[in-house]
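The values are calculated or read from the model by the stated rules, or taken from the named source; none is laboratory data. Every value quoted in this text rests on a predicted model; they were computed, and no experiment measured them. Heads up, the Cβs are rebuilt from the backbone with ideal geometry, glycines too, and the neighbour counts pull from every protein chain shown.
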Amino acid sequence: MTSEVLYVTGAGGHGREVHTYLRDIQDAGWTGELKGYLDDGLAPGVYGRLNVLGPLSYLKDSRERGARVRYITAVGGNAVRREMVRKLESLCGSGGLEPWTLIHPRAWVGQEDVEIGAGTCIAPGAIITARIKIGAHCIINMKASVGHDCVLGDFVNINPGATICGWAQIGEGAYIGAGAVVKDKVKVGAWSVVGAGAVVIRDLPPSITAVGVPARVIKQQQ
């Protein structure tokens, strides 16, 4: 029997990306088994190449005997991803279901004091250098880079091509848009949104939206 089985939660765009990553990981030698996808918004069935088994509650009564049961969230929205994790923990408790960390074989992850939290997805082309702490259930997307001595909270999403410079701190649930730059030693507050292409040169408070070069706050989140 397979020693590790994996469920992916979320069968939208990011879910399809995760499916391609998993094929590459299998080619690189992963011996686990992808059981299928779970999505509260879709009826069971096959969508393209994704086999949707049912809603998240499917896992409550579908435990695999003799195998580690793992899951990874595949939704870009940080708040939605957090709610998925909370729901799974409520349905399944603390035993028998573990978050799985996806590190694509074509990501570059340094070997000096890099900590990557459970359930995080490191996409192809991502660069993570040295003395970095990345929280749980984050997304470090394609060709994003995280410089030395950075700290990222749980549920952060660093979009494609974004650059996080050294010693930066990205708060829980923050969303850094595609191609954005966060300057060294800058702090981005929890659950803030940095727009695509923005350049953050000074600290940003929690729960705001900032855009532009240099980035300026345009909205306070509700």
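Between G41, G76, the distinction of being assigned to a loop (DSSP other than H, G, I, E, B), in contact (Cβ under 8 Å) with a residue 40 or more places away in the chain and either outside the structural domain of V156 (by TED's automatic domain parsing) or not hydroxyl-bearing (S, T, Y) (or both) belongs to G76 only.
Which ones in the range 122-140 are on the phi < 0 side of the Ramachandran plot and in contact with an Asp or Glu (Cβ under 9 Å, 6 or more places away or on another chain)?
Matches in the range 122-140: A123, P124, T129, A130, I132, K133, I134, G135, A136, C138.
Restricted to the range 28-38, and to residues there that are assigned to a strand (DSSP E or B) and out of contact with any helix residue (DSSP H, G or I) (no Cβ under 7 Å at 6 or more places or on another chain), the residue that is surrounded by the most Cβ atoms within 10 Å (Cβ to Cβ) is K35. Annotation: L50 fulfils all but one of (1) at pLDDT below 95; (2) buried (at least 20 other Cβ atoms within 10 Å of the Cβ); the unmet one is (1). Within the option set G54, G77, being at positive phi and out of contact with any helix residue (DSSP H, G or I) (no Cβ under 8 Å at 6 or more places or on another chain) holds for one residue only, G54. The residues of the range 1-27 that are over 16 Å from N51 (Cα atoms) and part of a helix (DSSP H, G or I), listed by number, are D24, I25, Q26, D27. Just wondering, is there one or more residues in the range 140-156 that are within 17 Å of I127 (Cβ to Cβ), aromatic (F, W, Y), assigned to a loop (DSSP other than H, G, I, E, B) and out of contact with any strand residue (DSSP E or B) (no Cβ under 8 Å at 6 or more places or on another chain)? Checking the range 140-156: not a single residue is within 17 Å of I127 (Cβ to Cβ), aromatic (F, W, Y), assigned to a loop (DSSP other than H, G, I, E, B) and out of contact with any strand residue (DSSP E or B) (no Cβ under 8 Å at 6 or more places or on another chain).
Being crowded, with 21+ Cβ neighbours inside 10 Å and either within 19 Å of T20 (Cα to Cα) or among the aromatic types (F, W, Y) (or both) is the filter here; which residues of the range 143-156 pass it? If the condition is that a residue be crowded, with 21+ Cβ neighbours inside 10 Å and either within 19 Å of T20 (Cα to Cα) or among the aromatic types (F, W, Y) (or both), then A144, F155 are the ones that fit.
Sort through W108, W100 and tell me the only one that's among the aromatic types (F, W, Y), surrounded by 18 or more Cβ atoms within 10 Å (Cβ to Cβ) and touching a strand residue (DSSP E or B) at 6+ places or on another chain (Cβ under 8 Å).
W100
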